[in-house]
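Trainee: Mind looking over this structure? Questions follow.
The values are calculated or read from the model by the stated rules, or taken from the named source; none is laboratory data. Everything numeric in this text was worked out from a predicted model, so none of it was measured. With ideal geometry, Cβ positions are generated from the backbone for all residues, glycine too; neighbour counts draw on all protein chains shown. To get the accessible areas, we keep the full protein, side chains included, count just its heavy atoms, and leave off ligands, DNA and RNA. Shrake-Rupley method; radii C 1.70, N 1.55, O 1.52, S 1.80 Å.
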Amino acid sequence: MNEFSLNRLTELAKLFLKLGIIGFGGPVAHIAMIEDEVVKRRQWLTQEHFLDLLGATNLIPGPNSTEMAIHIGYIYAGWLGLIVAGVCFIFPAVLVTSLFAWVYVNYGNLPQVAPLLYGIKPVVLAIIINAIWGLGKKAVKTQKLLIIAVAVGLITEFAKVNEVVALLLGGILGMIWLRSSNQTNLMIIGLTTNTLFQTTTTVNIAINNHVFVPLWQLGLFFLKVGSVLFGGGYLLIAFLQGGLVEEYGWLTQQQLLDAIAIGQFTPGPVLSTATFIGYVIAGFPGAIVATLGIFLPSFLFVAALNPFMNRIRNSSWTRPFLDAVNVSAVALMVLTTFQLGIATLTLPKTHYVDFLGLGIALISAILVIRYRINAAYLILGGGIIGWGALMCGYLR
(Lines give C-alpha, C1' and ligand atoms only; values in the text may rest on other atoms or scores of the structure.)
Protein backbone atom coordinates (compact mmCIF):
# COMPACT_ATOMS: atom_id res chain seq x y z
CA MET A 1 0.00 0.00 0.00
CA ASN A 2 1.49 3.39 -0.99
CA GLU A 3 1.60 6.45 1.23
CA PHE A 4 -1.18 8.19 -0.74
CA SER A 5 -3.62 5.32 -0.15
CA LEU A 6 -2.65 5.08 3.52
CA ASN A 7 -3.26 8.80 4.01
CA ARG A 8 -6.71 8.50 2.44
CA LEU A 9 -7.62 5.54 4.64
CA THR A 10 -6.43 7.48 7.70
CA GLU A 11 -8.56 10.46 6.71
CA LEU A 12 -11.60 8.22 6.27
CA ALA A 13 -11.01 6.53 9.62
CA LYS A 14 -10.69 9.84 11.48
CA LEU A 15 -13.73 11.38 9.83
CA PHE A 16 -16.13 8.48 10.26
CA LEU A 17 -14.98 7.66 13.79
CA LYS A 18 -15.77 11.28 14.65
CA LEU A 19 -19.15 11.12 12.94
CA GLY A 20 -19.88 7.81 14.65
CA ILE A 21 -19.16 9.40 18.03
CA ILE A 22 -21.20 12.60 17.53
CA GLY A 23 -23.89 11.09 15.29
CA PHE A 24 -26.95 11.62 17.45
CA GLY A 25 -30.41 12.13 15.99
CA GLY A 26 -30.99 9.26 13.58
CA PRO A 27 -30.22 8.76 9.87
CA VAL A 28 -31.46 12.15 8.67
CA ALA A 29 -29.10 13.91 11.08
CA HIS A 30 -26.25 11.55 10.15
CA ILE A 31 -26.71 12.27 6.46
CA ALA A 32 -26.74 15.98 7.23
CA MET A 33 -23.42 15.68 9.06
CA ILE A 34 -21.86 13.52 6.35
CA GLU A 35 -22.98 15.99 3.66
CA ASP A 36 -21.48 18.88 5.61
CA GLU A 37 -18.13 17.12 5.98
CA VAL A 38 -17.60 15.49 2.58
CA VAL A 39 -19.34 18.01 0.28
CA LYS A 40 -18.95 21.41 1.92
CA ARG A 41 -15.82 21.12 4.06
CA ARG A 42 -13.62 18.57 2.26
CA GLN A 43 -15.21 18.71 -1.23
CA TRP A 44 -14.63 15.01 -1.86
CA LEU A 45 -17.96 14.88 -3.74
CA THR A 46 -20.13 17.37 -5.57
CA GLN A 47 -23.56 17.89 -4.08
CA GLU A 48 -25.10 16.38 -7.21
CA HIS A 49 -23.05 13.19 -6.78
CA PHE A 50 -23.94 13.09 -3.08
CA LEU A 51 -27.64 13.32 -3.95
CA ASP A 52 -27.28 10.50 -6.47
CA LEU A 53 -25.75 8.28 -3.80
CA LEU A 54 -28.50 9.25 -1.39
CA GLY A 55 -31.14 8.35 -3.94
CA ALA A 56 -29.47 5.00 -4.56
CA THR A 57 -29.27 4.13 -0.87
CA ASN A 58 -32.96 4.90 -0.47
CA LEU A 59 -33.78 2.13 -2.94
CA ILE A 60 -31.81 -0.70 -1.29
CA PRO A 61 -32.31 -2.30 2.13
CA GLY A 62 -30.30 -1.19 5.13
CA PRO A 63 -29.48 1.98 7.10
CA ASN A 64 -29.10 4.92 4.71
CA SER A 65 -26.45 6.79 6.69
CA THR A 66 -24.24 3.71 7.06
CA GLU A 67 -24.55 2.98 3.35
CA MET A 68 -23.63 6.60 2.55
CA ALA A 69 -20.47 6.18 4.64
CA ILE A 70 -19.65 2.95 2.80
CA HIS A 71 -20.25 4.57 -0.62
CA ILE A 72 -18.01 7.51 0.21
CA GLY A 73 -15.28 5.21 1.53
CA TYR A 74 -15.28 3.26 -1.74
CA ILE A 75 -15.20 6.40 -3.89
CA TYR A 76 -12.38 8.01 -1.88
CA ALA A 77 -10.14 5.00 -1.21
CA GLY A 78 -11.41 1.92 -3.03
CA TRP A 79 -12.34 -1.42 -1.47
CA LEU A 80 -10.33 -0.86 1.71
CA GLY A 81 -11.95 2.56 2.04
CA LEU A 82 -15.37 0.93 1.79
CA ILE A 83 -14.57 -1.31 4.76
CA VAL A 84 -12.75 1.35 6.82
CA ALA A 85 -15.46 4.00 6.46
CA GLY A 86 -18.32 1.61 7.26
CA VAL A 87 -16.62 -0.05 10.22
CA CYS A 88 -15.43 3.23 11.73
CA PHE A 89 -18.91 4.76 11.45
CA ILE A 90 -20.55 1.75 13.08
CA PHE A 91 -17.94 0.95 15.75
CA PRO A 92 -18.65 3.75 18.30
CA ALA A 93 -22.37 2.89 18.43
CA VAL A 94 -21.62 -0.83 18.78
CA LEU A 95 -19.10 -0.19 21.56
CA VAL A 96 -21.36 2.14 23.55
CA THR A 97 -24.37 -0.13 23.07
CA SER A 98 -22.36 -3.14 24.28
CA LEU A 99 -21.37 -1.27 27.42
CA PHE A 100 -24.99 -0.31 28.10
CA ALA A 101 -26.05 -3.91 27.49
CA TRP A 102 -23.49 -5.14 30.04
CA VAL A 103 -24.76 -2.66 32.63
CA TYR A 104 -28.36 -3.60 31.82
CA VAL A 105 -27.84 -7.35 32.15
CA ASN A 106 -25.72 -7.10 35.31
CA TYR A 107 -27.54 -4.30 37.15
CA GLY A 108 -31.03 -4.36 35.64
CA ASN A 109 -31.39 -0.65 34.74
CA LEU A 110 -30.19 2.06 32.38
CA PRO A 111 -28.38 5.34 33.07
CA GLN A 112 -30.55 8.45 33.16
CA VAL A 113 -29.90 10.25 29.90
CA ALA A 114 -33.02 12.42 29.52
CA PRO A 115 -31.28 15.77 30.30
CA LEU A 116 -28.56 15.05 27.74
CA LEU A 117 -31.12 14.18 25.09
CA TYR A 118 -33.20 17.25 25.93
CA GLY A 119 -30.36 19.58 24.99
CA ILE A 120 -29.12 17.57 22.00
CA LYS A 121 -32.43 17.11 20.15
CA PRO A 122 -33.01 20.82 19.28
CA VAL A 123 -29.42 21.03 18.01
CA VAL A 124 -29.98 17.99 15.80
CA LEU A 125 -33.15 19.62 14.47
CA ALA A 126 -31.15 22.69 13.38
CA ILE A 127 -28.48 20.53 11.73
CA ILE A 128 -31.14 18.64 9.78
CA ILE A 129 -32.87 21.84 8.61
CA ASN A 130 -29.54 23.20 7.37
CA ALA A 131 -28.86 20.00 5.42
CA ILE A 132 -32.34 19.85 3.90
CA TRP A 133 -32.08 23.46 2.75
CA GLY A 134 -28.76 22.78 1.01
CA LEU A 135 -29.87 19.49 -0.52
CA GLY A 136 -33.22 20.94 -1.56
CA LYS A 137 -31.66 23.86 -3.43
CA LYS A 138 -29.56 21.42 -5.41
CA ALA A 139 -32.22 18.76 -5.93
CA VAL A 140 -35.10 21.00 -7.05
CA LYS A 141 -33.66 21.87 -10.45
CA THR A 142 -36.94 22.49 -12.28
CA GLN A 143 -40.58 23.25 -11.61
CA LYS A 144 -41.49 19.67 -12.56
CA LEU A 145 -39.15 18.30 -9.90
CA LEU A 146 -40.71 20.62 -7.34
CA ILE A 147 -44.18 19.34 -8.29
CA ILE A 148 -42.96 15.74 -7.96
CA ALA A 149 -41.50 16.49 -4.52
CA VAL A 150 -44.72 18.10 -3.30
CA ALA A 151 -46.81 15.26 -4.74
CA VAL A 152 -44.68 12.57 -3.10
CA GLY A 153 -44.77 14.43 0.21
CA LEU A 154 -48.56 14.78 0.14
CA ILE A 155 -49.08 11.16 -0.91
CA THR A 156 -46.77 9.90 1.84
CA GLU A 157 -48.41 12.08 4.49
CA PHE A 158 -52.07 11.51 3.68
CA ALA A 159 -52.11 8.09 1.99
CA LYS A 160 -49.55 6.66 4.47
CA VAL A 161 -47.69 4.76 1.76
CA ASN A 162 -44.43 3.01 2.51
CA GLU A 163 -41.32 5.16 2.00
CA VAL A 164 -39.89 2.79 -0.60
CA VAL A 165 -43.16 2.84 -2.55
CA ALA A 166 -43.16 6.65 -2.35
CA LEU A 167 -39.60 6.86 -3.69
CA LEU A 168 -40.34 4.43 -6.51
CA LEU A 169 -43.48 6.39 -7.34
CA GLY A 170 -41.50 9.63 -7.53
CA GLY A 171 -38.77 8.00 -9.60
CA ILE A 172 -41.17 6.46 -12.12
CA LEU A 173 -43.11 9.71 -12.45
CA GLY A 174 -39.87 11.55 -13.07
CA MET A 175 -38.55 8.99 -15.55
CA ILE A 176 -41.72 9.36 -17.62
CA TRP A 177 -42.66 13.02 -17.14
CA LEU A 178 -39.18 14.57 -17.33
CA ARG A 179 -38.50 12.97 -20.71
CA SER A 180 -41.80 14.10 -22.23
CA SER A 181 -44.97 15.91 -21.22
CA ASN A 182 -47.55 14.76 -23.73
CA GLN A 183 -50.98 13.52 -22.75
CA THR A 184 -50.07 9.86 -23.29
CA ASN A 185 -47.36 10.06 -20.66
CA LEU A 186 -49.70 11.85 -18.29
CA MET A 187 -52.12 8.94 -18.66
CA ILE A 188 -49.29 6.51 -17.92
CA ILE A 189 -48.42 8.57 -14.83
CA GLY A 190 -52.00 8.30 -13.62
CA LEU A 191 -52.06 4.53 -14.12
CA THR A 192 -48.68 4.14 -12.42
CA THR A 193 -49.82 6.20 -9.44
CA ASN A 194 -52.98 4.15 -9.07
CA THR A 195 -51.04 0.88 -9.23
CA LEU A 196 -48.50 1.96 -6.65
CA PHE A 197 -51.21 3.21 -4.32
CA GLN A 198 -52.60 -0.29 -4.24
CA THR A 199 -49.22 -1.90 -3.58
CA THR A 200 -48.54 -3.31 -0.14
CA THR A 201 -45.28 -4.87 0.93
CA THR A 202 -45.04 -7.62 3.50
CA VAL A 203 -41.95 -9.45 4.64
CA ASN A 204 -42.12 -12.71 6.54
CA ILE A 205 -39.10 -13.89 8.49
CA ALA A 206 -39.21 -17.54 9.46
CA ILE A 207 -36.70 -19.20 11.74
CA ASN A 208 -37.05 -22.44 13.65
CA ASN A 209 -38.08 -21.75 17.23
CA HIS A 210 -35.85 -23.18 19.98
CA VAL A 211 -35.82 -22.58 23.70
CA PHE A 212 -32.06 -22.03 23.58
CA VAL A 213 -30.99 -19.81 20.72
CA PRO A 214 -27.83 -21.00 18.89
CA LEU A 215 -25.52 -18.25 17.71
CA TRP A 216 -25.95 -19.21 14.05
CA GLN A 217 -29.73 -18.89 14.41
CA LEU A 218 -29.46 -15.48 16.08
CA GLY A 219 -27.10 -14.30 13.35
CA LEU A 220 -29.36 -15.66 10.64
CA PHE A 221 -32.35 -13.80 12.06
CA PHE A 222 -30.55 -10.46 11.96
CA LEU A 223 -28.99 -11.24 8.57
CA LYS A 224 -32.48 -11.72 7.13
CA VAL A 225 -33.73 -8.52 8.78
CA GLY A 226 -30.75 -6.54 7.45
CA SER A 227 -31.41 -7.91 3.96
CA VAL A 228 -35.03 -6.70 3.78
CA LEU A 229 -35.03 -3.66 6.06
CA PHE A 230 -36.49 -0.94 3.86
CA GLY A 231 -37.86 2.21 5.46
CA GLY A 232 -35.20 3.02 8.03
CA GLY A 233 -34.61 2.22 11.68
CA TYR A 234 -38.19 2.60 12.85
CA LEU A 235 -39.24 -0.33 10.66
CA LEU A 236 -36.71 -2.39 12.61
CA ILE A 237 -38.96 -2.08 15.67
CA ALA A 238 -41.80 -3.79 13.84
CA PHE A 239 -39.55 -6.69 12.79
CA LEU A 240 -38.21 -7.13 16.33
CA GLN A 241 -41.65 -6.97 17.92
CA GLY A 242 -43.14 -9.50 15.52
CA GLY A 243 -40.14 -11.85 15.48
CA LEU A 244 -38.31 -11.74 18.79
CA VAL A 245 -41.20 -10.97 21.17
CA GLU A 246 -44.39 -12.35 19.65
CA GLU A 247 -43.26 -15.27 17.48
CA TYR A 248 -40.11 -16.64 19.11
CA GLY A 249 -40.30 -15.29 22.66
CA TRP A 250 -36.56 -14.55 22.80
CA LEU A 251 -37.20 -11.13 24.41
CA THR A 252 -39.81 -9.71 26.73
CA GLN A 253 -41.75 -6.60 25.74
CA GLN A 254 -39.87 -4.56 28.35
CA GLN A 255 -36.50 -5.76 27.10
CA LEU A 256 -37.43 -4.69 23.58
CA LEU A 257 -38.52 -1.24 24.79
CA ASP A 258 -35.26 -0.85 26.71
CA ALA A 259 -33.29 -1.92 23.63
CA ILE A 260 -35.11 0.67 21.50
CA ALA A 261 -34.37 3.38 24.09
CA ILE A 262 -30.66 2.57 23.95
CA GLY A 263 -30.71 2.60 20.15
CA GLN A 264 -32.26 6.08 20.20
CA PHE A 265 -29.80 7.44 22.74
CA THR A 266 -26.51 6.11 21.45
CA PRO A 267 -24.76 7.90 18.57
CA GLY A 268 -24.44 6.31 15.16
CA PRO A 269 -26.83 3.94 13.38
CA VAL A 270 -30.00 3.00 15.26
CA LEU A 271 -29.46 -0.57 14.05
CA SER A 272 -26.94 -0.90 16.87
CA THR A 273 -30.09 -1.91 18.77
CA ALA A 274 -29.23 -5.36 17.39
CA THR A 275 -25.99 -5.32 19.40
CA PHE A 276 -27.92 -4.72 22.62
CA ILE A 277 -30.43 -7.47 21.85
CA GLY A 278 -27.71 -9.94 20.87
CA TYR A 279 -25.97 -9.35 24.19
CA VAL A 280 -29.17 -9.76 26.19
CA ILE A 281 -29.92 -13.07 24.45
CA ALA A 282 -26.44 -14.61 24.23
CA GLY A 283 -23.81 -12.37 25.82
CA PHE A 284 -20.86 -10.88 23.91
CA PRO A 285 -20.85 -13.63 21.25
CA GLY A 286 -24.53 -12.88 20.65
CA ALA A 287 -23.78 -9.16 20.34
CA ILE A 288 -21.09 -9.89 17.74
CA VAL A 289 -23.18 -12.17 15.52
CA ALA A 290 -26.26 -9.92 15.74
CA THR A 291 -24.18 -6.88 14.76
CA LEU A 292 -22.51 -8.69 11.85
CA GLY A 293 -25.87 -10.03 10.69
CA ILE A 294 -27.70 -6.68 10.68
CA PHE A 295 -24.91 -4.67 8.99
CA LEU A 296 -23.27 -7.14 6.57
CA PRO A 297 -25.98 -6.80 3.86
CA SER A 298 -25.32 -3.05 3.64
CA PHE A 299 -21.66 -3.64 2.75
CA LEU A 300 -22.61 -6.24 0.15
CA PHE A 301 -25.35 -4.11 -1.45
CA VAL A 302 -23.11 -1.03 -1.72
CA ALA A 303 -20.17 -3.06 -3.05
CA ALA A 304 -22.44 -4.44 -5.78
CA LEU A 305 -24.06 -1.11 -6.67
CA ASN A 306 -21.28 1.48 -6.49
CA PRO A 307 -19.21 0.36 -9.54
CA PHE A 308 -22.26 0.98 -11.73
CA MET A 309 -23.08 4.46 -10.37
CA ASN A 310 -21.44 6.40 -13.26
CA ARG A 311 -23.34 4.35 -15.83
CA ILE A 312 -26.54 4.82 -13.85
CA ARG A 313 -26.00 8.58 -13.53
CA ASN A 314 -25.34 9.06 -17.26
CA SER A 315 -28.22 6.99 -18.62
CA SER A 316 -30.96 8.95 -20.40
CA TRP A 317 -33.56 6.98 -18.45
CA THR A 318 -31.95 6.61 -15.04
CA ARG A 319 -30.81 10.26 -14.88
CA PRO A 320 -34.38 11.62 -14.65
CA PHE A 321 -35.30 8.67 -12.43
CA LEU A 322 -32.52 9.57 -9.96
CA ASP A 323 -33.37 13.28 -10.16
CA ALA A 324 -36.95 12.48 -9.19
CA VAL A 325 -35.87 10.04 -6.45
CA ASN A 326 -33.56 12.74 -5.06
CA VAL A 327 -36.33 15.33 -4.69
CA SER A 328 -38.64 12.63 -3.35
CA ALA A 329 -36.02 11.77 -0.70
CA VAL A 330 -35.80 15.45 0.24
CA ALA A 331 -39.61 15.55 0.53
CA LEU A 332 -39.54 12.58 2.91
CA MET A 333 -36.79 14.26 4.93
CA VAL A 334 -38.97 17.37 5.23
CA LEU A 335 -41.87 15.28 6.55
CA THR A 336 -39.62 13.51 9.05
CA THR A 337 -38.12 16.81 10.21
CA PHE A 338 -41.56 18.37 10.66
CA GLN A 339 -42.65 15.47 12.86
CA LEU A 340 -39.37 15.60 14.76
CA GLY A 341 -39.76 19.35 15.26
CA ILE A 342 -43.22 18.97 16.78
CA ALA A 343 -41.98 16.24 19.15
CA THR A 344 -38.83 18.17 20.06
CA LEU A 345 -40.26 21.65 20.62
CA THR A 346 -43.39 20.83 22.63
CA LEU A 347 -43.56 20.04 26.32
CA PRO A 348 -44.68 16.40 26.78
CA LYS A 349 -47.19 16.96 29.59
CA THR A 350 -48.84 20.23 28.49
CA HIS A 351 -48.15 20.15 24.71
CA TYR A 352 -47.26 23.85 24.88
CA VAL A 353 -44.23 25.25 23.05
CA ASP A 354 -40.97 24.53 24.85
CA PHE A 355 -39.35 27.95 24.61
CA LEU A 356 -35.96 26.81 25.93
CA GLY A 357 -35.84 24.04 23.31
CA LEU A 358 -36.98 26.51 20.64
CA GLY A 359 -34.22 28.90 21.70
CA ILE A 360 -31.58 26.16 21.49
CA ALA A 361 -32.82 25.20 18.01
CA LEU A 362 -32.84 28.80 16.71
CA ILE A 363 -29.39 29.64 18.07
CA SER A 364 -27.99 26.37 16.72
CA ALA A 365 -29.54 27.08 13.31
CA ILE A 366 -27.89 30.52 13.19
CA LEU A 367 -24.52 29.10 14.25
CA VAL A 368 -24.56 26.24 11.75
CA ILE A 369 -26.05 28.16 8.79
CA ARG A 370 -24.47 31.58 9.21
CA TYR A 371 -21.18 30.81 10.96
CA ARG A 372 -20.62 27.17 9.86
CA ILE A 373 -19.89 25.99 13.41
CA ASN A 374 -19.03 22.28 13.47
CA ALA A 375 -21.87 19.97 14.54
CA ALA A 376 -19.70 18.32 17.21
CA TYR A 377 -19.38 21.57 19.17
CA LEU A 378 -23.08 22.31 18.85
CA ILE A 379 -24.04 18.85 20.12
CA LEU A 380 -21.64 19.18 23.05
CA GLY A 381 -23.11 22.59 23.87
CA GLY A 382 -26.64 21.25 23.65
CA GLY A 383 -25.83 18.43 26.05
CA ILE A 384 -24.32 20.89 28.54
CA ILE A 385 -27.42 23.10 28.34
CA GLY A 386 -29.59 20.03 28.96
CA TRP A 387 -27.74 19.14 32.14
CA GLY A 388 -27.82 22.80 33.19
CA ALA A 389 -31.60 22.85 32.73
CA LEU A 390 -31.86 19.85 35.04
CA MET A 391 -29.66 21.49 37.66
CA CYS A 392 -31.75 24.67 37.53
CA GLY A 393 -34.97 22.73 38.02
CA TYR A 394 -36.37 23.38 34.52
CA LEU A 395 -36.78 19.68 33.71
CA ARG A 396 -38.26 18.58 37.03
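Trainee: Report, in order of residue number, the helices in the chain meeting two criteria: a C-alpha extent of 27 Å or more along the helix axis, and a mean Kyte-Doolittle hydropathy of at least 1.6; treat each whole DSSP H run as one helix.
Mentor: On the way: long enough: 3-22 (29 Å, 0.72); 64-107 (44 Å, 1.31); 114-139 (36 Å, 1.21); 273-305 (34 Å, 1.87); 318-344 (37 Å, 1.13).
Helices meeting the criterion: 273-305.
Trainee: Leaving out ligands, DNA and RNA but keeping every protein chain, what accessible area does His351 have, in Å² rounded to the nearest 10, with a 1.4 Å probe?
Mentor: Number for this one is 140 Å².
Trainee: Which FRET efficiency value, to the nearest 0.05, do you get for Leu99 and Phe308 by plugging their Cβ-Cβ distance into 1/(1 + (r/R0)^6) with R0 = 30 Å? Write out the running numbers ahead of the final one.
Mentor: Details: r = 39 Å, r/R0 = 1.31.
Approximately 0.15, to the nearest 0.05.
Trainee: Once ligands and nucleic acids are excluded and a 1.4 Å probe is used, how much of Met391 is accessible, expressed in Å² to the nearest 10?
Mentor: So the heavy atoms of Met391 present about 130 Å² to solvent.
Trainee: If you don't mind, another one. For an R0 of 25 angstrom, estimate the FRET efficiency from the Cβ-Cβ distance between Glu3 and Trp79 and round to the nearest 0.05. Intermediate values should be presented prior to the final figure.
Mentor: On the way: r = 18 Å, r/R0 = 0.73.
So, using R0 = 25 Å, E works out to roughly 0.85.
Trainee: Two decimals, Cα atoms only, Kirkwood Rh: what is Rg/Rh over the range 1-107?
Mentor: Details: Rg = 14.6 Å, Rh = 14.3 Å.
Checking Rg against Rh, the ratio lands at 1.02.
Trainee: Grab the other residues whose beta carbon is less than 11 angstrom from that of Asn130, score K and R as +1, D and E as -1, and report the net.
Mentor: Once positives and negatives cancel, what remains is +1.
Trainee: Oh, and also: With every protein chain left in place, what is the accessible area per residue of the chain in square angstrom, probe 1.4 Å? Walk me through the numbers on the way to the answer.
Mentor: Values: 18690 Å² over 396 residues.
Roughly 47 Å² per residue, with all protein chains present.
Trainee: Right, next: Once both labels are modelled 7 Å past Cα along the beta-carbon direction, what's the Trp216-Lys141 spacing in nm?
Mentor: 5.0
Trainee: Using alpha-carbon positions, what is the distance between the centroids of the range 29-81 and the range 83-108, in Å?
Mentor: When both Cα centres are located, 23 Å separates them.
Trainee: Expressed in nm to one decimal, what extension gain is obtained for the pair Leu292 and Gln241 from 0.36 nm per residue of sequence separation less their Cα-Cα distance? Walk me through the intermediate numbers first.
Mentor: Details: separation 51, 0.36 × 51 = 18.36 nm, distance 2.01 nm.
Going from the current span to full extension adds 16.3 nm.
Trainee: Quantify, in whole percent, the carbon and sulfur part of the accessible surface of the chain (1.4 Å probe; protein heavy atoms only).
Mentor: C and S atoms contribute 67 percent here.
Trainee: Now, a different point. Sorted by accessible area (1.4 Å probe), largest first, how do Val325, Val105 line up?
Mentor: The most accessible residue leads, giving Val105, Val325.
Trainee: Using modelled amide H (1.01 Å from N, peptide plane; none on Pro or chain starts), what sits under 5 Å from the amide H of Thr346, excluding residues fewer than 5 places away?
Mentor: Amide H to amide H, under 5 Å and 5 or more residues apart or across chains, Thr346 pairs with Asp354.
Trainee: In deg cm²/dmol and to the nearest 500, what is the mean residue ellipticity at 222 nm of the chain if only DSSP H runs of at least 4 residues count, each as -39500 (n - 2.57), divided by the residue total?
Mentor: Working: 16 runs with 290 residues, N = 396.
Calculated from helices alone, the mean residue ellipticity at 222 nm is -25000 deg cm²/dmol.
Trainee: While we're here: Per q in 0.11, 0.18 Å⁻¹, report the Debye log10 I(q)/I(0) for the range 242-396, using one uniform scatterer on each alpha carbon and no solvent.
Mentor: -0.78, -1.20
Trainee: With every protein chain in place, what's the accessible area of Ile385 (1.4 Å probe, Å², nearest 10)?
Mentor: Spelled out: Ile385, probe radius 1.4 Å, area about 80 Å².
Trainee: Return, ordered by residue number, the residues of the range 341-360 whose backbone nitrogen is under 20 Å from a label point located 7 Å along Cα→Cβ of Lys160.
Mentor: 342-343
Trainee: Kindly identify the range 110-159 as rounded, prolate or oblate by the Cα gyration tensor criterion: order the square roots of the eigenvalues as a ≥ b ≥ c, call it rounded if a/c is under 1.5, otherwise compare a/b with b/c, prolate if a/b is larger, else oblate.
Mentor: Taking the square roots of the gyration eigenvalues as a ≥ b ≥ c, the range 110-159 is oblate.
Trainee: Given a 1.4 Å probe and heavy atoms of the protein chains only, how would you sort Trp133, Trp102, Trp44, Trp79, largest accessible area at the top?
Mentor: Correct descending sequence by accessible area is Trp133, Trp79, Trp102, Trp44.
Trainee: Next question. Taking just the alpha-carbon atoms of the chain, what radius of gyration and Dmax come out, in angstrom?
Mentor: 21.2, 67
Trainee: What distance in nm separates the two pseudo spin-label positions at His351 and Asn374, each 7 Å out from Cα along the beta-carbon direction?
Mentor: 4.2
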